[in-house]
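The values are calculated or read from the model by the stated rules, or taken from the named source; none is laboratory data. The structure displayed is predicted, hence computed values, not measured ones. Note that we place each Cβ from the backbone using ideal geometry, even for glycine, and neighbour counts take in every protein chain shown. Only protein heavy atoms, including side chains, enter the accessible area calculation; ligands, DNA and RNA are left aside. Shrake-Rupley method; radii C 1.70, N 1.55, O 1.52, S 1.80 Å.
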Amino acid sequence: SDNNDLLLDEVFAEELRRSLSKVKELSVINPVSTMQLASVFSVSDAPSRLDATDYFLTGTLTQKGSMVELDLSLYDRQKEEKWQNSYQGDIYEFPGLSGSIALDVAETIKVDVEEMESSRIVDIPTMEPELMKLLLLARNHLAAFTPEDIGIGLNYLQQAVNEYPTSSRAWAMLAGGLVTMGHSPAPPPGVKEEAGAAAVRAIQLDSTNAEAWAWLATTKTYYEWDYEGAQYCYAKANELNPSLPMSHYHYSWHLFLFDSLNKSLEEHEAAFHLDPLDPFQAARLAHIYMLAGKMELAKQEIDRARRLNKDFRLNGQVEGMIHLKKQQYDSAEVAFMNCRPPMLMGLGITYLKTGRNKDAQQVVNAMKEHLNPINAFGLSILYSEMDSLDQFFEHANYEPPHAFQPWLRVEVRNPKVIEDPRFKTLMEKMNLPMPEKDLKFETSLSVRN
């Protein structure tokens, strides 16, 4: 079918991108952005859409039975063709063939590849086309980032590991999908442990799988509170493949948790530059610019996120946070109310800032009626703002804790809360040091997904 042909094109584009990203001297744009470029814009638009990109690889795919033929061309920013070649091979052998193509591209643009690196790029196991399709379908649903799509994506990934249990890539992607599910308001029981187990299984099957190391790092940061282990895993992932945007993204928040704002910004910017047409990265870059007090940059990026996808659900949350930080309370209220569902914690903070304590209490009551891990986290923030210390500690110790719970360390700025002995106990429980007394940046509403 036509849809099948399009999916096959995406499969081969993804394999090429993965092989190219293993060349350490190259930064390769993530598929969320490249697929959007391919579907919405022409090749001639590429330099203006990806303004930090030096080269663009494009081509056509022809399939006859199990054999495929690729005709590829490489263009520079001036749209001048620098190289073209054709490749033929069996569809099952394409992962290895894509490695050979990556080395040819690297040679063309005069990027040196060490012998050990070259072996790792070319020596890729064969992969069943049906497995590649399952992984691609899963990735596309996870990128849509709605609860329904995340569930569908996880179903595809579970099917993948059931049918191909020795596939490291399938297990790594399952780990990533489970981490995403673990960030939801009320994660299913066991999902955090399953995420870590899936990442470990992926590494057991292939210790050079960068995605597996990245997802293991996130489970250690968000769920196990093993920050040294997370640091090691992030470093390992970035060493194996520095072109993984979500590795840089989650590492950014890991650094933010420990007050390393400048390094956190660098990692977040790296994530964005690897996926510049993804509204998620644009919205979250706006978010961290806001937290760093870079308000013009925050406004610039949230506007970019809206241009990329005006209906993307994170846009309203981040826009409301920016208005709140700028003390534009009416606009903040509108933005939080227009979120679907409304962002109750943001509304509560807005009402408290404007003295609408009865409205804030109604928000608190609504959150308590539907108490779950994310609402417990939000209530902790609200009770801190309200000087309700007992209520703060009750909800800060909610079980099971949400993935965001460690960030209470940088969210809470109320001295009454921080100086309470129970706060030190809370930090020790999460293996965290006490907050620094004189932070050079304010924190507010750094809840994220």
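A 1.4 Å probe run over the chain, with the rest of the protein chains in place, finds 45 Å² accessible per residue.
Look at the dipole of the chain built from charges on Cβ: of ASN309, TRP171, GLY96, the Cα furthest out on the positive end belongs to ASN309. Toward the positive end of the charge dipole of the chain, with +1 on the Cβ of Lys and Arg and -1 on the Cβ of Asp and Glu, the farthest Cα among PHE392, LEU61, HIS141 is that of PHE392.
Here the extension length gained between TRP225 and ARG307 equals 25.9 nm, from 0.36 nm per residue of separation less the Cα-Cα distance.
Cross-link pairs exceeding 26 Å in C-alpha to C-alpha distance, out of LYS299/LYS429; LYS192/LYS429; LYS82/LYS299, comprise LYS299/LYS429; LYS82/LYS299. The figure for TYR75 is an accessible area of roughly 60 square angstrom, using a 1.4 Å probe on the protein chains alone. Think of the chain as a dipole: +1 on every Lys or Arg Cβ, -1 on every Asp or Glu Cβ, centred on the Cα centre; then among PRO401, LEU50, CYS233, PRO401 lies furthest on the positive end.
Across the accessible surface of region 127-209, with the other protein chains kept in place and a 1.4 Å probe, carbon and sulfur atoms take up 58 percent. Cross-link partners of LYS79 among lysines, defined as those whose alpha carbon lies under 29 angstrom from its own and excluding same-chain residues fewer than eight positions apart: LYS22, LYS24, LYS110. Residues ASP330, ASP359, ordered by accessible area of protein heavy atoms at a 1.4 angstrom probe radius and largest first, appear as ASP330, ASP359.
Annotation for region 81-112 versus region 221-276: alpha-carbon center distance of 30 Å. Normalised by residue count, region 330-370 yields a Cα convex hull volume of 49 Å³ per residue.
Counting only Cβ charges, +1 for Lys and Arg and -1 for Asp and Glu, the dipole size of the chain around its Cα centre is about 1580 debye.
Which of the following values of Rg and Dmax of the Cα atoms in Å was calculated from the structure shown: [x] 21.3, 67; [y] 22.9, 71; [z] 25.2, 77? Given [x] 21.3, 67; [y] 22.9, 71; [z] 25.2, 77, the structure-derived one carries the label [y]. The mean sequence separation of alpha-carbon pairs under 8 Å and at least six residues apart, normalised by the residue count of the chain, gives a relative contact order of 10 percent.
Label-to-label distance for GLU266 and LYS358 is 5.2 nm, based on points extended 7 Å past Cα in the beta-carbon direction. In this rough spin-label picture, where each label sits 7 Å from Cα along the Cβ direction, the THR146-SER100 distance is 4.3 nm. The aspartates and glutamates whose alpha-carbon is closer than 17 Å to the alpha-carbon of LYS368, local same-chain residues fewer than 8 away aside, are ASP359, GLU385, ASP390, GLU394, GLU399. Taken along the Cα-to-beta-carbon direction at a fixed 7 Å, the label points for SER207 and GLU93 span 2.9 nm.
For region 176-331, a simple Cβ point-charge model (Lys and Arg +1, Asp and Glu -1, everything else neutral) yields a dipole of about 440 debye relative to the Cα centre.
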